[in-house]
Each structure stands twice: as structure tokens, then as C-alpha cells.
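**Student:** Here it is, the structure in full.
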Amino acid sequence: MTRIRHFTHPNCVLTLTCQQSFICNGCGVAGYGNSYRCNRCDFDLHESCAKCPQSISCSMHCHSLTLTQSGGCRTCSVCCQTTSQLVYQCGPCGFVAHPLCVQGRRC
């Protein structure tokens, strides 16, 4: 059984599980299949959100992006959907993106 700790849910160990459907507590987007889950707290992360690097370079933006918790309603600069959870953010210019929106677009 694969287990991890994640900065978005620091007091619990998340276990890799397979589910029919869930809402990711990291990015807020619906998912199905593999997720990291805390049953005690009803907390889920997409497998890809759980394993996101802390910083990335992305072909759609000129600065490095840092993974952070949004701390308020923001609009993803890629899909234009609102997010209030886990995002990649650019400190210098305010570019914000869901982790899933930048997944296939890394340099």
C-alpha cells in the first residue's frame, strides 16, 4: 500500500486508493480512479496533484511557477475556471493555474 504525507493535509497520512468518483481537495476538480485519500477526514487528492513538484517551468508562461494553496477565489489563467485551492502561481506577475492545467504543458 502506497502512503504519503502532503503539505495540504499535514496531520494525516494519505493512502493510494481507487475510487469511482471524487472531488480533489487539492485543485477542486472532479476525478475518478487513483487518488490519495484520508478516510478519516474524507480528503482526496488526484494522484497527479499529490505528486506535483513544488515548482515548475511551463511553456505557456515565462516565469517559474510555485505550488501553493490559493487562500481565496482566483481564476485559472489557463482554463478560466475559479479556484480556491491548490494552484501554481507566479510571484512576479500573478499568473495562476490549476495543477491539472499545466500537467501536459511543462517544458
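**Student:** From the list Gly91, Gly33, pick out the single residue that is outside the structural domain of Thr17 (by TED's automatic domain parsing) and either over 14 Å from the mean Cα position of the chain (by Cα) or at pLDDT 90 or above (or both). Show your work before the answer.
**Tutor:** On the way: Gly33 fails: outside the structural domain of Thr17 (by TED's automatic domain parsing).
Testing whether each residue is outside the structural domain of Thr17 (by TED's automatic domain parsing) and either over 14 Å from the mean Cα position of the chain (by Cα) or at pLDDT 90 or above (or both) leaves just Gly91.
**Student:** What is the number of the single condition among (1) in contact (Cβ under 8 Å) with a residue 12 or more places away in the chain; (2) touching a Gly at 6+ places or on another chain (Cβ under 9 Å); (3) closer than 21 Å to Ala97 by Cα that Met60 does not meet?
**Tutor:** Single failed check for Met60: (2).
**Student:** Restricting attention to segment 55-68, does a residue exist that is within 14 Å of the chain's Cα centre (by Cα), at pLDDT 85 or above, buried (at least 17 other Cβ atoms within 10 Å of the Cβ) and within 18 Å of Ala30 (Cβ to Cβ)?
**Tutor:** no
**Student:** Could you check segment 88-103 and list, in sequence order, the residues that are of a type in the set (A, V, I, L, M), in contact with a Leu (Cβ under 9 Å, 6 or more places away or on another chain) and not in a strand (DSSP E or B)?
**Tutor:** Val102
**Student:** Something else: Any residue at all in segment 90-97 that's among the small types (Gly, Ala, Ser), surrounded by 11 or more Cβ atoms within 10 Å (Cβ to Cβ) and out of contact with any His (no Cβ under 7 Å at 6 or more places or on another chain)?
**Tutor:** yes
**Student:** I would also like to ask the following. Look through segment 36-54, keep the residues that are part of a loop (DSSP other than H, G, I, E, B) and of a type in the set (D, E, K, R), and return whichever of them is surrounded by the most Cβ atoms within 10 Å (Cβ to Cβ). Don't jump to the end; show me each part of the working.
**Tutor:** Our first condition is that a residue be part of a loop (DSSP other than H, G, I, E, B); within segment 36-54, this holds for 39-42, 51-54.
Going one step further and asking which of them are of a type in the set (D, E, K, R), we end up with 40, 42, 51.
Working: Arg40: 9, Asp42: 9, Lys51: 12.
Ranking the qualifying residues of segment 36-54, first place goes to Lys51.
**Student:** So if I check each of Thr8, Thr83, Thr66, which one is touching a His at 6+ places or on another chain (Cβ under 7 Å) and of a type in the set (Ser, Thr, Tyr)?
**Tutor:** Thr83
**Student:** Another question about this same structure. Cβ-Cβ under 9 Å, sequence separation 6+ or interchain: first residue in segment 27-39 and free of Cβ contacts under 8 Å to residues at least 60 places away in the same chain, partner among the basic types (Lys, Arg) and part of a strand (DSSP E or B). Which pairs?
**Tutor:** Listed by first residue and then by second, the contacts come to Tyr36/Arg3.
**Student:** Just wondering, is there one or more residues in segment 78-87 that are part of a loop (DSSP other than H, G, I, E, B), surrounded by fewer than 18 Cβ atoms within 10 Å (Cβ to Cβ), small (Gly, Ala, Ser) and touching a residue at least 12 places away in the same chain (Cβ under 8 Å)?
**Tutor:** yes
**Student:** Then there is this: Looking only at residues that are touching an Asp or Glu at 6+ places or on another chain (Cβ under 9 Å) and of a type in the set (A, V, I, L, M, F, W, C) in segment 1-40, which one is farthest from Gln69 (Cα to Cα)?
**Tutor:** Only one residue tops the list, namely Leu16.
The values are calculated or read from the model by the stated rules, or taken from the named source; none is laboratory data. Bear in mind the structure is a predicted one, so any value in this text is a computation, not a measurement. Positions of Cβ are backbone-derived with ideal geometry, glycine not excepted, and every protein chain shown enters the neighbour counts.
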